[in-house]
Amino acid sequence: MKRLALVTILFAAPLAHADPDDAGYTTHAIALPGGDADGVLMDYLAYDPRTKAVWVPAGNSGKVDVIDTSSGSLRSIDGFPTQEMERRGKKRTVGPSSVTLGAKGTIYIGSRGDFTICAIDEKKLTKGACGTLDSMPDGIAYVAKTKEIWVTTPRDKSVRILDAKTLAQKAKLDFEGEPEGFAVDDKRGRFYTNLEDKDQTLAIDLKTHKTVATWAPACGEEGPHGLRLDAAKGWLFVACSAKAEVMDVGHAGHEGKILGSIDTGDGVDDLDYSAARHQLYAGGARAATLTIATVDAKGALAPFAVIATGQGARNGVVDDAGKIYLARSQGAELVVAEPPAKAK
């Protein structure tokens, strides 16, 4: 059992708005504990609607921070291993880095610190079973249809499939490029990922593990990154570095067609989508803005708001109240963009 720490959230002064196109959103920052000179290194976040909490694998701090969006309290799960690694000539410390919602009561955390995937009780915040990979995990996704965890491991150009209960590896799928991003389509029995270095988006059959479709999102040299899905509509949202797209994946004869696209500002990695609000959220880390786009009945995207966030803010997740939480590693904080009261 890992030690549980209760931490008081510190709120920074409101951040400046981008311009009148902010649609009345206000912003504030939530300070995270345990950072170093590089801040708190964050990648994937997740919102858990069952407990109304934002889960933040906080990398170099060796913690996973869990923020109650109703009360504003923050709890930290301590004791995740970290390790120093070198990337592009710079050394940094890595640890827990990804999160996915499992069956009721369970959250899964992937860690670059020791290459593990661990189950966490979403209420008690205690660690359960763990599985260890022989390659560094990136994104992780729970597949309800098969009761599995699918893990992208781009360093060896593969996807690993784990049993959700035991976290033992069941299969390894090899590719000719680096898997990046993930979305699970239980309705159509597919797992979607990108080959970032090939500028391709793949559809993989959940049972046969065969790639059943390969599409071209035309993101450019940096390739496609994060993915989100509206399974009912058959829309796959694709994050490019400076734009977001809507791809048709649900209508025979039209699969892979780009239905809509919108400029987002540079530095987008992951994105989020609210089917209830018909909105897409993309944080541009280099542009220091959050772009909110509306999605119409045909999948076309239109600008709704552009909000100033701060350099490095990215990978936002939206909660039930319409607040968007973005990871800003260099500031050791989350930037929270909150809609005006009438829009909640």
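Label sites at H28 and T208, each approximated as a point 7 angstrom past Cα along Cα to Cβ, lie 5.3 nm apart.
Near G105, once Lys and Arg are set to +1 and Asp and Glu to -1 for all other residues with Cβ below 10 Å from its Cβ, the sum equals +2.
Take the Cα of D68, step 7 Å toward its Cβ, do the same at E176, and the gap between the two points is 5.3 nm. Within the shell defined by Cβ-Cβ distances under 12 Å, the residues around A232 carry a net charge of 0, with Lys and Arg each +1 and Asp and Glu each -1.
Can you tell me which lysines have their Cα less than 27 Å from the Cα of K257? Leave out same-chain residues fewer than eight positions away. Result set, ordered by chain and number: K145, K157, K187, K198, K207, K210, K233, K243, K298. Each residue in H225, H28 was given a count of other beta-carbon atoms within 10 angstrom of its own, and listing them fewest first yields H28, H225.
Sorting T100, T126 by the number of Cβ atoms found within 10 Å of their own Cβ, with the fewest placed first, yields T126, T100. Can you bin segment 193-235 into rounded, prolate or oblate? Criterion: square roots of the alpha carbon gyration tensor eigenvalues sorted a ≥ b ≥ c, rounded for a/c under 1.5, prolate for a/b above b/c, oblate for the rest. Oblate. Near D48: Cβ cut-off under 15 Å, other residues only, Lys/Arg at +1 and Asp/Glu at -1. The net charge is 0. Loop sites here are GluC sites (Glu not before Pro) outside DSSP states H, G, I, E and B with no more than 15 other Cβ atoms within 10 Å. The longest part of the chain free of them is 1-175. Footprinting exposure proxy ranking of K127, K207, fewest other C-beta atoms within 10 angstrom first, gives K207, K127.
Read-outs throughout are calculated quantities, based only on the coordinates presented, and are distinct from any laboratory measurement. Model, not experiment: these values are computed from the prediction. Ideal geometry is used to build each Cβ from the backbone, glycine not excepted, and the neighbour counts take in all protein chains shown.
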